Structure formats: C-alpha cells, structure tokens
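Undergrad: One structure coming up, written as structure tokens, with questions to follow.
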Amino acid sequence: MTILSAKNLTVDFPIYGMTQNRSIKKSFINIATGGILAKDASNKISIRALDDLTFEFKVGDRVGITGNNGSGKSTLLKVLAGIYEPTYGHIKTNGRITSMLGITLGMDNDSTGFDNIFLRGRIMGLRKDQIESILDEIVDFAGIGDFIHLPLRSYSTGMLMRLAFAVATSVEAEIILMDEWLSVGDADFVTKAKARLSQMVEKARLVVIASHDHQLIEDQCNIIINLQHGKLNSLIRK
C-alpha cells in the first residue's frame, strides 16, 4: 500500500534585491547553494531547490536520500514534513508524520519543562489529553529530575536535548523523517536514546532519512534516492 507519494514536486525560493547581470547571478547562486536558477511566471529570479520530483513509497520502505551539500536533501524532508509548501506539484500521505527535524522547535526558554512538553506536543498535533497520558513517561525518560519544574533557560544544552528527544519519541510513529541519524544528549543518555530511536524506526510504516553516511544508507535502506541540484539523479530500489 502506498503511504507517501509525490508528483512533479517542485520548490522555488525567490531571490530579492539581485539586479546585476544574469550570468553573475547564476554563478553566485550556484556557488552559494548548489541550486538551479529559474524564473517564475512574473519573470522574477528564484532558486529551484527541488525540480519536478516524482516518487512513491510503500509500507515497509526505508528510504535514504543522498547528495552533495545543496542538492536538496533537507529541502525535500522539510516539504514532506509540511514546513515548506510545494511551488508546483503535490504530495499525498497516508499516516501520521513524525518529524525529527528541529526537535526543539517551539520550545520557550521562559517556560518550565512541564509547560514545554505541552507546547511541543501541540506542535506535534497531539491533544491535551493525549499529552497528559504520556506526561509521566516523558519526564521519566528525560531524566532531568527537578529541573522539569524550572524554565528552560536554566537547562544545559544536554538537558534541553534530552527533554526534546523524550517528547519527540513519545508517540508511535507511522512515517518518520530524519536529517541524519539522531544522537542527542549527554554521553550517558546516548545509549538509551539510540535504543529508543531504533525501536521507533523498526515499528514505523515508513522511514525517510537524509544522510552523508553512505554506509548507513546502504545498511538501513531498501530505496536510495540521489539528488543533484534539486533533480532526481537516481532512484534505486533494492
């Protein structure tokens, strides 16, 4: 059964304030981003970050996205996560998407750890009663003790990541999106974090991960996508 598909997926980012010679603009943009220079219907200059991608993933697929910096890997993940809207084309999904991109997004430094669990939970699309049902488990897994009652500005970076990771992995995922294999928190937290993430990935109906680690992609994925300048260079299904 198809769980995620894209048809003619295209994403353009407009470039403002560039009125120099076109060849200069093209050289600058290609060096800076790896993107492709394009024009929209209004003849405005833009970067084509993703260019006419079409693909289909089924239940059980483990998809690896590869490519050089600027090839469109992170952009594709953000489009799948709903952070960016396609300029052209469309995406269809059949399942709850759990994004492991920016797991601290929406957290408030002036609010307590408890309050931030609810903030992140709502961003993830959970209802208040759903968050309450997993609250104790999140607090226990984060393992930050009484700091849960204090504002985030009093947390170390490791403590913040522990809490964010505990929330992000607290619900069973159907579709998981990752930019590199996530490893967070202090050294003594990494082992149980890896075990929890591996268990979550194993149960998921679909996993999409972008990585520079070719061995990880080869070992973990049955579909390997290679992007070049936003275009689909190859799609290999093993």
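Undergrad: Could you please find all residues in segment 190-226 being of a type in the set (Asp, Glu) and over 20 Å from Thr66 (Cβ atoms)?
TA: Matches in segment 190-226: Glu202 only.
Undergrad: Being without any contact (Cβ under 8 Å) to a residue 12 or more places away in the chain and among the hydroxyl-bearing types (Ser, Thr, Tyr) narrows it down to one of Thr104, Thr157, so name that one.
TA: Result: Thr157 is the single residue among Thr104, Thr157 that is without any contact (Cβ under 8 Å) to a residue 12 or more places away in the chain and among the hydroxyl-bearing types (Ser, Thr, Tyr).
Undergrad: Quick one: in segment 46-75, of everything that is among the aliphatic types (A, V, I, L, M) and assigned to a strand (DSSP E or B), which residue is modelled with the lowest pLDDT?
TA: This residue is Ile47.
Undergrad: Further, regarding this structure: For segment 76-116, give me each residue that is more than 18 Å from the chain's Cα centre (by Cα), part of a loop (DSSP other than H, G, I, E, B) and within 23 Å of Asp12 (Cα to Cα).
TA: Across segment 76-116, the qualifying residue is only Thr87.
Undergrad: Please verify whether segment 123-131 includes one or more residues that are closer than 25 Å to Gly82 by Cβ, more than 20 Å from the chain's Cα centre (by Cα), assigned to a helix (DSSP H, G or I) and not charged (D, E, K, R).
TA: Yes, there is a match, as at least one residue in segment 123-131 is closer than 25 Å to Gly82 by Cβ, more than 20 Å from the chain's Cα centre (by Cα), assigned to a helix (DSSP H, G or I) and not charged (D, E, K, R).
Undergrad: For Ile134, indicate whether it is under 24 Å from the mean Cα position of the chain (by Cα), at pLDDT 95 or above, surrounded by fewer than 19 Cβ atoms within 10 Å (Cβ to Cβ) and farther than 23 Å from Ser74 by Cβ.
TA: Numbers: under 24 Å from the mean Cα position of the chain (by Cα): yes; at pLDDT 95 or above: yes; surrounded by fewer than 19 Cβ atoms within 10 Å (Cβ to Cβ): yes; farther than 23 Å from Ser74 by Cβ: yes.
Considered against the rule, which asks whether it is under 24 Å from the mean Cα position of the chain (by Cα), at pLDDT 95 or above, surrounded by fewer than 19 Cβ atoms within 10 Å (Cβ to Cβ) and farther than 23 Å from Ser74 by Cβ, Ile134 comes out as yes.
Undergrad: Still on this structure, please answer the following. Which one of these is over 30 Å from Asn226 (Cβ atoms) and in contact (Cβ under 8 Å) with a residue 60 or more places away in the chain: Ala81, Ala142, Ala164? I'd like the intermediate steps shown before the answer.
TA: Values: Ala81 fails: over 30 Å from Asn226 (Cβ atoms); Ala142 fails: in contact (Cβ under 8 Å) with a residue 60 or more places away in the chain.
Exactly one of Ala81, Ala142, Ala164 is over 30 Å from Asn226 (Cβ atoms) and in contact (Cβ under 8 Å) with a residue 60 or more places away in the chain, namely Ala164.
The values are calculated or read from the model by the stated rules, or taken from the named source; none is laboratory data. What you see is a predicted model; the values in this text were computed from it and never measured. Backbone-built Cβ (ideal geometry, glycine too); neighbour counts: all protein chains shown.
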